[in-house]
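K.L.:
First the structure, then my questions, so here it is.
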Ligand code: MN
């Protein structure tokens, strides 16, 4: 969905002039080797670019200014192979506008027991050099990611790639445009919020576009394009008989295809990365977009219903982070419960718009009436989502700040036939239990809308929150309500009420 290789991470090694030319030559050679290794590794999604060793305040400042100005540089990996007195870093770090990963590694994995001498010690001294670097960032109250381990270890590569994916999502969000068709659903509180504050915190903008202007694009779609897309529907999904060519509802399938084509064209020509709409404002549209929103999400657009622009932006961000990984990400809503004491479950769904990237099976294209919106019956894709671990992510506006909520869940196989349920659905067990998870979620003010992701975990969201400087609360297997409520109180103390 997104070409990661267009982005660069700059590999920056700190040192000083104290050690003489021979040591610096080795530092240089080792740093080139490590950055080349990362650049060539299939485990790292972005380009990794070696930068000459920095040994003075001026060199550090100049390199960081270059990184700030390089539009394809999404972050800096910094490593102190030797000791690099950290007052030299203050000016550069003050200017830094990109995320920073502090790689706490060492060139030599093992101590060469029979060979080790003071030359080895002087060269391989990141164990204390990186502490000096860590101090100055803590002293400057800087958020950063610290990764510890030998540079070739799978763990180090894994954490580095997670971080680069989050940094790409942050980069993608900065300047991203989201289109809002209609306002948010009347009277709903949690989907509303401060779009100016969001643009200041996250860098994305949300602006409204008249539904009539979108309808004009939809109405201009050619029949030949509709022919092509309905054929694609027939090839990709199991169509109910009435929707197929010659079927009595085939005209509705063609209407749905026309809506998708028009929306896609509107979003592409406007350079949008996502959108939100509302069933309360569909003037001139024949159906509420169902299959259209589902397929646009599957193409990478951020989407959420009912004017929920915050969730639309999060769906996009999670799709960027998870691009190329197994599993998908969708707009989601906690819909209904199974309160069986032996098997508590949440059924997640929406009126129509669940992304087929999370499907366990070939989706079925169906047509059913919709009780809201007062339009023609919308075509939608119906499927069960795949079982396995997932996260639900909600972004809410608390007035003085944004809060990111994460709940770890385990989706289970949908064992029952649900012949009368005309929407895609997920069944999950929230951690640590439905009782604790839902109470914690509600105490924290989490929305009913979420971004649901199968291919990401809480670590990604932690890095995302820290990069953006927003609060995050996590509900996982260790959550205890009394402690959780205290965390919320302490957070109010930290951020202010
Ligand atoms: Mn909803």
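K.L.:
Would you please list the contacts, defined by Cβ atoms under 7 Å and residues six or more apart or on different chains, that run from a residue in region 179-201 that is under 22 Å from residue 270 (Cβ atoms) to a residue that is assigned to a helix (DSSP H, G or I) and more than 14 Å from the ligand (Cβ to nearest atom)?
P.N.:
179/267; 179/270; 181/211; 181/214; 182/211
K.L.:
Taking the residues in region 134-156 that are under 15 Å from residue 94 (Cβ atoms) and in contact (Cβ under 8 Å) with a residue 40 or more places away in the chain as candidates, determine which candidate is farthest from the chain's Cα centre (by Cα).
P.N.:
Only one residue fits best here, namely 136.
K.L.:
What number goes with the only condition from (1) farther than 16 Å from residue 176 by Cα; (2) more than 16 Å from the ligand (Cβ to nearest atom); (3) part of a helix (DSSP H, G or I) that residue 266 does not pass?
P.N.:
Of the numbered conditions (1) farther than 16 Å from residue 176 by Cα; (2) more than 16 Å from the ligand (Cβ to nearest atom); (3) part of a helix (DSSP H, G or I), the odd one out for residue 266 is (1).
K.L.:
Tell me whether region 460-467 contains one or more residues that are assigned to a loop (DSSP other than H, G, I, E, B) and crowded, with 16+ Cβ neighbours inside 10 Å.
P.N.:
No: zero hits.
K.L.:
Considering only residues of region 174-196 that are out of contact with any strand residue (DSSP E or B) (no Cβ under 9 Å at 6 or more places or on another chain) and either within 16 Å of the ligand (Cβ to nearest atom) or part of a loop (DSSP other than H, G, I, E, B) (or both), which is farthest from residue 277 (Cα to Cα)?
P.N.:
Per the stated criteria, the residue is 174.
K.L.:
Quick check: is even one residue across region 32-48 over 30 Å from the mean Cα position of the chain (by Cα) and part of a strand (DSSP E or B)?
P.N.:
no
K.L.:
Tally the residues that are in a helix (DSSP H, G or I) and crowded, with 16+ Cβ neighbours inside 10 Å, restricting the search to region 226-249.
P.N.:
5
K.L.:
Here's a follow-up. Within region 91-113, which residues are farther than 15 Å from residue 144 by Cα and surrounded by fewer than 18 Cβ atoms within 10 Å (Cβ to Cβ)?
P.N.:
91, 108, 109, 110, 111, 112, 113, listed by residue number.
K.L.:
Tell me which of these residue 381 doesn't satisfy, since it passes every other one: (1) assigned to a loop (DSSP other than H, G, I, E, B); (2) crowded, with 22+ Cβ neighbours inside 10 Å; (3) away from the ligand (no atom under 16 Å from the Cβ).
P.N.:
(1)
K.L.:
Now for a separate question. Tally the residues that are out of contact with any strand residue (DSSP E or B) (no Cβ under 9 Å at 6 or more places or on another chain) and closer than 20 Å to residue 227 by Cβ, restricting the search to region 269-291.
P.N.:
The number of residues fulfilling the criteria is 2.
K.L.:
Among the listed residues 239, 214, 243, 282, identify the single one that is over 30 Å from residue 460 (Cβ atoms), touching a helix residue (DSSP H, G or I) at 6+ places or on another chain (Cβ under 7 Å) and within 16 Å of the ligand (Cβ to nearest atom).
P.N.:
Of the residues listed, the single one that is over 30 Å from residue 460 (Cβ atoms), touching a helix residue (DSSP H, G or I) at 6+ places or on another chain (Cβ under 7 Å) and within 16 Å of the ligand (Cβ to nearest atom) is 282.
K.L.:
Among the candidates 221, 206, which residue alone is more than 16 Å from the ligand (Cβ to nearest atom), buried (at least 16 other Cβ atoms within 10 Å of the Cβ) and assigned to a loop (DSSP other than H, G, I, E, B)?
P.N.:
Result: 221 is the single residue among 221, 206 that is more than 16 Å from the ligand (Cβ to nearest atom), buried (at least 16 other Cβ atoms within 10 Å of the Cβ) and assigned to a loop (DSSP other than H, G, I, E, B).
K.L.:
So residue 371 fits all but one of (1) in contact (Cβ under 8 Å) with a residue 24 or more places away in the chain; (2) over 22 Å from residue 170 (Cα atoms); (3) within 14 Å of the ligand (Cβ to nearest atom); what number is the exception?
P.N.:
(1)
K.L.:
Taking into account only those residues within region 423-449 that are away from the ligand (no atom under 16 Å from the Cβ) and part of a loop (DSSP other than H, G, I, E, B), which is surrounded by the fewest Cβ atoms within 10 Å (Cβ to Cβ)?
P.N.:
The qualifying residue surrounded by the fewest Cβ atoms within 10 Å (Cβ to Cβ) is 433.
K.L.:
I've got another one for you. Can you give me the number of residues within region 298-312 that are touching a helix residue (DSSP H, G or I) at 6+ places or on another chain (Cβ under 7 Å), touching a residue at least 60 places away in the same chain (Cβ under 8 Å) and more than 17 Å from residue 188 (Cβ to Cβ)?
P.N.:
2
K.L.:
Provide a single number: the residues in region 313-353 that are outside any loop (DSSP other than H, G, I, E, B), away from the ligand (no atom under 12 Å from the Cβ) and under 23 Å from the mean Cα position of the chain (by Cα).
P.N.:
Matching residues across region 313-353 total 13.
K.L.:
Moving on. Which of the residues spanning region 354-364 are touching a helix residue (DSSP H, G or I) at 6+ places or on another chain (Cβ under 8 Å) and either within 16 Å of the ligand (Cβ to nearest atom) or not in a loop (DSSP other than H, G, I, E, B) (or both)?
P.N.:
Hits for region 354-364 are 354, 355, 356, 357.
K.L.:
Return the residues of region 92-118 that are touching a residue at least 60 places away in the same chain (Cβ under 8 Å) and either over 26 Å from residue 165 (Cβ atoms) or out of contact with any strand residue (DSSP E or B) (no Cβ under 8 Å at 6 or more places or on another chain) (or both); say none if nothing qualifies.
P.N.:
107
FYI, it's all coordinate maths here, none of it is from the lab. Just so we're clear, the structure is a prediction, and the values are computed from it rather than from any experiment. Counting neighbours? That spans all protein chains shown, and the Cβs are built from the backbone with ideal geometry, glycine included.
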